[in-house]
Amino acid sequence: MLVKTFCAAVMGLEATTITIEVNMTRGVMFHLSGLADTAVKESYDRIRAAMTNIGFKPPTADLTVNLSPADIRKEGCGYDLPLAIGILAAHGKVSDSLLSDYMMIGELGLDGKLKPVSGALSVAIRARKEKFKGLFVPKENAREAAVVNNLDVYGVDNLCDVISFLNGSDQYEPTFVDTRKEFYEQQYACDLDFADVKGQESVKRALEVAAAGGHNLIMIGAPGSGKSMMAKRLPGILPPLSLAESLETTQIHSVAGKLSSGTSLISQRPFRSPHHTVSQVAMTGGGNRALPGEVSMAHNGVLFLDELPEFSKSTLEVLRQPLEDRKITISRAKYTVEYPCSFMFVASMNPCPCGYYGDPTHHCVCSPGQISRYLSKISGPLLDRIDIHCEVSVVPFKQLSQMQPGEPSAVIRERVIKARQIQEQRFRGFKGVYCNAQMTERMIHQFAEPDNASLDMLRMAMERLSLSARAYSRILKVARTIADLEGTEKVQSHHIAEAIGYRNLDRGDWAERGF
């Protein structure tokens, strides 16, 4: 008897429908074809044990199973459930009348319980596209998959529930998620607030400018000056995720297997802060299954690298292409996977190995050679992709002892949202451009062209402060954002002046002059 069940193989963010063909004849052998990995090949042992423990005798027959299309590699444990149902249907224990209407995924425990799998959201999107009536998933994945409308998603606890449903013994209600209600209720929730930050008004201004224009930023300062504290509060002043951005972000985390149990949609912008020992593969993505890395997990959010010079040179250099293209391509011999990675890059670093170069309250013990080598760990091409360089000084005791809180994140966020709305209107005719940081050279000349007075100031600054040529377009982008925060149509000289102040590391004398 030949029976077909359906599941999906997730590759990148996309899922491909997989047809599982089970043929049963007289004999005692088990044959599996279709480019299956070890986890899929071992599934038959789990299925036999699960059948025995839920009261079904495993069939004594010759089983031939084909996973079609056969040229796509099948990986992971998500094939356990459709394989088990296919074998039981071929054995006559499950009715095959509804099998063509449903897709199913799930890992089987030896007791028949279903365990969560990664990529359920991508599978649900594929099931709807293929016009399946419903999808069976483990209960922990139900809310994640149920955000896809026009598809009945059934979260089940064990194999018996699926058998009862297909045989008509029991009926279950599909999981319902009010996606928009849950999304908008949690959209503005934020645990960390800029009101907790005492002093550092100039740094908070730089972070506001960075958030308003989507600019990359680096903070340089002594230990304990508040660099990490302020960076962690940056997502709280970014504009809230749109529903489309939330779905794309959730899909990435689903594929990576990083969604918490019971999560439906990610409603807040991601904040990723990998340790400096992170490898190239962990940063960019890859491995045996080509999973997304930190740059993709930070998509639509913030990637924060604390103590930037402590990261390996090779790991930092692989960031150059994702920062420029806002996508990462992982190539293997037989396939290529592309993940989006449009994120704000925020970094912090000490000015020297001991951390106190230029600090008036501590004595620096580093030699000029040590300082130069330390700063040279950050290459010019990487620094070129960072729009704002911000010096962070230690907060004096007088400001720390004040009880009055700083400006709350909600107030700053309102200004950022207004600036982003201006940019959305400005770039509505340009595909893939949503903020000033994404402007091309042609767009800079169109929307951020300085007047004569501003051009003279910029020329003077580049000559006197030894600014590099690469700083020119970065200054104009940041100046455009500052003008947007003011609601000014034209870039003016004081906008240029503030933007010039955010290019400290481009100054030729920075390492010699200190703070």
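The values are calculated or read from the model by the stated rules, or taken from the named source; none is laboratory data. Not measured: the values here are computed from a predicted model. Methodologically, a virtual Cβ is constructed for each residue, glycine included, from the backbone with ideal geometry; neighbour enumeration extends over all protein chains shown. Remember, those area values only see protein heavy atoms, side chains included, never the ligands or the DNA or RNA. Shrake-Rupley method; radii C 1.70, N 1.55, O 1.52, S 1.80 Å.
Here are some notes:
- Candidate cross-link partners of Lys198 among the lysines, defined by an alpha-carbon separation under 16 Å and a same-chain spacing of 8 or more, comprise Lys227, Lys232, Lys398.
- Residue-level accessible surface for Leu465, protein heavy atoms, 1.4 Å, Å²: 60
- Rounded, prolate or oblate (a/c below 1.5 giving rounded, otherwise prolate when a/b exceeds b/c) for region 217-341 by Cα gyration tensor: oblate
- When shorter helices are ignored and each DSSP H run of at least 4 residues is given -39500 (n - 2.57), the per-residue value for the chain at 222 nm works out to -10000 deg cm²/dmol.
- Size of electric dipole in the chain: Cβ of Lys, Arg +1 and of Asp, Glu -1, about Cα centre, debye, nearest 20: 540
- Relative contact order (%) - criterion: Cα under 8 Å, at least six apart; region: the chain: 13
- Pairwise Cα separations in the chain fall into 10 Å bins from 0 onward with the following percentages, short to long: 4, 17, 23, 20, 14, 11, 7, 3, 0.
- In order along region 229-242, the phi-based Karplus estimate (6.51 cos²θ - 1.76 cosθ + 1.60, θ = phi - 60°) of 3J(HN,Hα) comes to 4, 6, 4, 5, 8, 4, x, x, 10, 6, x, x, 5, 7 Hz; Gly and Pro are listed as x.
- Accessible carbon and sulfur surface of the chain relative to its total accessible area, %, 1.4 Å: 50
- Accessible-area ranking of Glu463, Glu107, largest first, probe 1.4 Å: Glu463, Glu107
- 0 to 90° range, to nearest 10: angle between helix 471-486 axis and the chain longest Cα axis: 90
- Beyond 26 Å in Cα-Cα separation lie the following of the pairs Lys57/Lys258; Lys418/Lys490; Lys139/Lys181; Lys93/Lys133; Lys418/Lys477: Lys57/Lys258.
- Highest average first, the peptides 339-346, 196-203, 370-377, 440-447 ordered by how many other beta carbon atoms sit within 10 Å of their residues are 339-346, 196-203, 370-377, 440-447.
- Taking all protein chains together, Asp384, Asp178, Asp45 sort by accessible area into Asp45, Asp178, Asp384, largest first [probe 1.4 Å].
- Taken about its Cα centre, region 430-514 carries a charge dipole of roughly 280 debye when the Cβ of each Lys and Arg holds +1 and the Cβ of each Asp and Glu holds -1.
- A straight Cα-to-Cα reach below 17 Å connects Lys327 with the lysines Lys431, residues fewer than 8 places away in its own chain not being considered.
- Solvent-accessible area of Val123, all protein chains in place: 0 Å² (probe radius 1.4 Å, heavy atoms, ligands and nucleic acids excluded).
- Diffusion coefficient, µm² s⁻¹, Stokes-Einstein with Kirkwood Rh over alpha-carbon pairs of region 1-130 at 37 °C and 0.692 mPa s: 224
- C-alpha long axis of helix 243-256 to longest principal axis of the chain, angle in °: 70
- Contact order relative to length of region 1-165, as percent, for alpha carbon pairs under 8 angstrom and 6 or more apart: 24
- Helix 80-90 vs. the chain, principal-axis angle (Cα, 0 to 90°, nearest 10): 20
- Dipole of the chain, positive end: most advanced residue of Pro174, Gly221, Thr263 [Cβ charges, Cα centre]: Gly221
- For the chain, the per residue solvent-accessible surface stands at 45 Å², with DNA, RNA and ligands left out and a 1.4 Å probe.
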